[in-house]
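Peer 1: Handing you a structure now.
The values are calculated or read from the model by the stated rules, or taken from the named source; none is laboratory data. Everything numeric here is computed off the predicted structure, so don't read it as measured data. When we count neighbours, we look across all protein chains shown, and the Cβ atoms used for this are built from the backbone with ideal geometry, even at glycine. Note: accessible area is taken over every heavy atom of the protein model, side chains too, but ligands, DNA and RNA are not part of it. Shrake-Rupley method; radii C 1.70, N 1.55, O 1.52, S 1.80 Å.
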Amino acid sequence: NDQLQKWAFAEFLQITDIDPEPVVLGDAALAEYAGTYEVPHAFAHVTAKNGALEITVEIKPEAKERLREEGEDVDTEQPPIPIGILPGEGDRYIVTGGAAVGMKGYFARDESGLIAGVHVGGRLAMKAKVPAKV
């Protein structure tokens, strides 16, 4: 949708939308975003390494089985999604590579200021109580 919108703005309105550049953060700053986040049918594992963040999506076994029964191919492993934190308030991020490049999301904080969730793929995944196996 983002790519279609950019094309339409450029083609018909002569407006060029340029993705913002993520800020460079050290491993210590990125570590607070790392963790396993959960929605009912999947886990989102956020890892911080070498000055970058990645999201790896793991579909839960029961969801995989249900998708297989519906004829979906769920055995293809998806590559990690590279993301970068955007400047400014709100713990926003942008996908920096792969098929979803340019997609934006955010991390949510709890009342104490700790990272409690990540908005990815149209859903808010909350930090899992027990880390999932990758």
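Peer 1: Hey, does segment 91-100 have a residue that's under 15 Å from the mean Cα position of the chain (by Cα), within 17 Å of residue 127 (Cα to Cα) and polar (S, T, N, Q)?
Peer 2: no
Peer 1: I'm trying to understand the selection: among the residues of segment 22-39, which are free of Cβ contacts under 8 Å to residues at least 24 places away in the same chain and open to solvent by 90 Å² or more (accessible area, probe 1.4 Å)?
Peer 2: 28
Peer 1: Could you list, in sequence order, all residues of segment 89-113 that are open to solvent by less than 70 Å² (accessible area, probe 1.4 Å) and of a type in the set (Gly, Ala, Ser)?
Peer 2: 90, 97, 98, 100, 102, 105, 108, 113
Peer 1: Taking into account only those residues within segment 69-88 that are without any contact (Cβ under 8 Å) to a residue 12 or more places away in the chain and closer than 13 Å to residue 57 by Cβ, which is most open to solvent (accessible area, probe 1.4 Å)?
Peer 2: Initial filter on segment 69-88 (without any contact (Cβ under 8 Å) to a residue 12 or more places away in the chain): 69-73, 75-77, 88.
Next, only the ones that are closer than 13 Å to residue 57 by Cβ stay: 76-77.
On the way: 76: 82, 77: 165 Å².
Selected residue: 77.
Peer 1: Out of all the residues in segment 40-68, which are part of a loop (DSSP other than H, G, I, E, B) and open to solvent by less than 60 Å² (accessible area, probe 1.4 Å)?
Peer 2: The first filter runs over segment 40-68 and keeps only residues part of a loop (DSSP other than H, G, I, E, B), leaving 40-41, 50-51, 60.
Selection gives 51, 60.
Peer 1: Next question. Restricting to segment 114-134, and then to whatever is open to solvent by less than 40 Å² (accessible area, probe 1.4 Å) and part of a loop (DSSP other than H, G, I, E, B), can you tell me which residue is farthest from residue 6 (Cα to Cα)?
Peer 2: Among those residues, the one meeting the criterion is 132.
Peer 1: Criterion first (modelled with pLDDT under 95 and within 16 Å of residue 48 (Cα to Cα)) does residue 79 satisfy it?
Peer 2: Values: modelled with pLDDT under 95: yes; within 16 Å of residue 48 (Cα to Cα): yes.
In short, yes.
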